[in-house]
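Asker: Below are the structure tokens for one structure; questions will follow.
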Amino acid sequence: MWPFKKKTVQPDILPITFTTIICIPGIWNTWDEFILSVVASTNGEYLAAGHILMNAKKERYYTIEFCEHDERMQESFKYAGMATRVTGNFLEQIGNHKHVIYISGQTGSLEEAEYIAFAAEAILKAGGIGIKIETTGKAFEKDKWYSMLESFKESNLYEMFVVDSIVNEEGSVYSCGMQNLGYKDTITSGEEFQTAANLIRIFGYYQIVDKPTIQNSQTFSTSIESTKYRITEELNQPYKGDEQFENPFGMWRLTKE
């Protein structure tokens, strides 16, 4: 008789997710005032209870923290708002905030990034002054955030959640924030800064708009006549070990052919 072979059960492969964190300073005097403002300004679409912000219709729930005035907030927004060119008047308003809301939720996909972007807008409408994506390091004045959602298209999420012009000590240029959308970040070396930043930006939009299946060692170019770049996995991410910025999906390196 043949020996009995035990059936092996393959464990389920869990999808990669990421927790996006958004900071919104505001004018609320108390927690109760914040709760009432959320309901009134969204006509009941969003409700805050306990430590949860919920949209029952869309079945989305986010963790929220209600924190005291933070003296470091103005400087933090000044640095994070460099890419979006926030104004001095806006930074003054940030400095005069009364409380701060931190909203966090599972993202790691375009769909979930869109949902949390609209949830953040609800808090802005309820008395928020501006937005900072903690898991990217990018800040916005509220009117800019409104405009990207008013005429919303999926590619707007890149502008909202990604910085693509960070430079390290070696002169390499890389992006941060693609993990909020469910994609790898990108790094390139040996290019002039603006060329590198443009390359990373086009490559990022290409992934969101065209949704290609990218394989290690494929090539990419911004146009038919342009320089070709080899796409390879970058194992040594600049933010490796950083809970907020390390990309669990990984990082692509673009190297000129």
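Asker: May I ask you to list pairs of residues, at least six apart or on different chains, whose Cβ atoms are under 6 Å apart, with the first in segment 45-56 being assigned by TED's automatic domain parsing to the domain that holds residue 103 and the second being of a type in the set (Ser, Thr, Tyr) and assigned to a loop (DSSP other than H, G, I, E, B)?
Answerer: Correct list of pairs: 55/46.
Asker: Being polar (S, T, N, Q) and more than 30 Å from residue 132 (Cβ to Cβ) is the filter here, so list the residues in segment 223-257 that pass it.
Answerer: Of everything in segment 223-257, those that are polar (S, T, N, Q) and more than 30 Å from residue 132 (Cβ to Cβ) turn out to be 223, 226, 227, 232, 255.
Asker: What is the one condition in (1) out of contact with any strand residue (DSSP E or B) (no Cβ under 9 Å at 6 or more places or on another chain); (2) part of a helix (DSSP H, G or I); (3) under 27 Å from residue 184 (Cα atoms) that residue 153 does not satisfy?
Answerer: (2)
Asker: Anything in segment 191-222 that is in a loop (DSSP other than H, G, I, E, B) and in contact (Cβ under 8 Å) with a residue 60 or more places away in the chain? List them, or say none.
Answerer: Scanning segment 191-222 gives a single hit, 191.
Asker: Within segment 182-230, restricting attention to residues that are within 20 Å of the chain's Cα centre (by Cα) and of a type in the set (Val, Ile, Thr), which residue is surrounded by the most Cβ atoms within 10 Å (Cβ to Cβ)?
Answerer: This residue is 186.
Asker: Then there is this: Among the residues of segment 36-66 satisfying the criterion of being surrounded by fewer than 12 Cβ atoms within 10 Å (Cβ to Cβ) and part of a strand (DSSP E or B), which is modelled with the lowest pLDDT?
Answerer: Only one residue fits best here, namely 49.
Asker: Okay, moving on. Suppose we filter segment 96-109 for residues that are of a type outside the set (S, T, N, Q), farther than 12 Å from residue 65 by Cα and surrounded by fewer than 19 Cβ atoms within 10 Å (Cβ to Cβ); how many remain?
Answerer: 1
So that you can scan it fast, the table gives a plain yes or no per residue for (1) modelled with pLDDT of 95 or more; (2) not polar (S, T, N, Q):
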residue	(1), (2)
169	no, yes
177	yes, yes
188	yes, no
196	yes, yes
201	yes, yes
212	yes, yes
215	no, no
218	yes, no
227	no, no
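Asker: Identify the residue in segment 247-257 that is modelled with pLDDT of 95 or more and in a loop (DSSP other than H, G, I, E, B) and, among all such residues, is surrounded by the fewest Cβ atoms within 10 Å (Cβ to Cβ).
Answerer: 248
Asker: Specify the residue that is farthest from residue 21 (Cα to Cα); the eligible residues are those in segment 67-80 that are part of a loop (DSSP other than H, G, I, E, B) and either without any contact (Cβ under 8 Å) to a residue 12 or more places away in the chain or in contact with a Ser or Thr (Cβ under 7 Å, 6 or more places away or on another chain) (or both).
Answerer: 71
Asker: Report, by residue number, each residue of segment 110-150 that is of a type outside the set (D, E, K, R), part of a helix (DSSP H, G or I) and within 15 Å of the chain's Cα centre (by Cα).
Answerer: Within segment 110-150, 110, 113, 115, 116, 117, 118, 119, 120, 145, 148, 149 qualify.
Asker: Another question about this same structure. Checking the condition on the phi > 0 side of the Ramachandran plot, not assigned by TED's automatic domain parsing to the domain that holds residue 82 and not acidic (Asp, Glu), which residue from 177, 137, 204 passes?
Answerer: When all the criteria are applied, what remains is 177.
Asker: Let me ask something else about it. Quick one: residue 195 ticks every box in (1) within 18 Å of residue 18 (Cα to Cα); (2) out of contact with any Phe, Trp or Tyr (no Cβ under 8 Å at 6 or more places or on another chain); (3) not hydrophobic (A, V, I, L, M, F, W, C) bar one, so which box is it?
Answerer: (1)
Asker: Let me ask something else about it. Please enumerate the residues belonging to segment 118-132 that are at negative phi and in contact with a helix residue (DSSP H, G or I) (Cβ under 6 Å, 6 or more places away or on another chain).
Answerer: 121, 124, 125, 126, 129, 130, 131, 132
Asker: Report, ordered by the first and then the second residue, all pairs with beta carbons closer than 6 Å, sequence separation of six or more or different chains, a first member in segment 81-109 that is under 16 Å from residue 145 (Cα atoms), and a second member that is of a type in the set (Asp, Glu).
Answerer: 86/141; 90/141
The values are calculated or read from the model by the stated rules, or taken from the named source; none is laboratory data. Treat the numbers as computed from the prediction; the structure is a model and nothing was measured. Ideal geometry is used to build each Cβ from the backbone, glycine not excepted, and the neighbour counts take in all protein chains shown.
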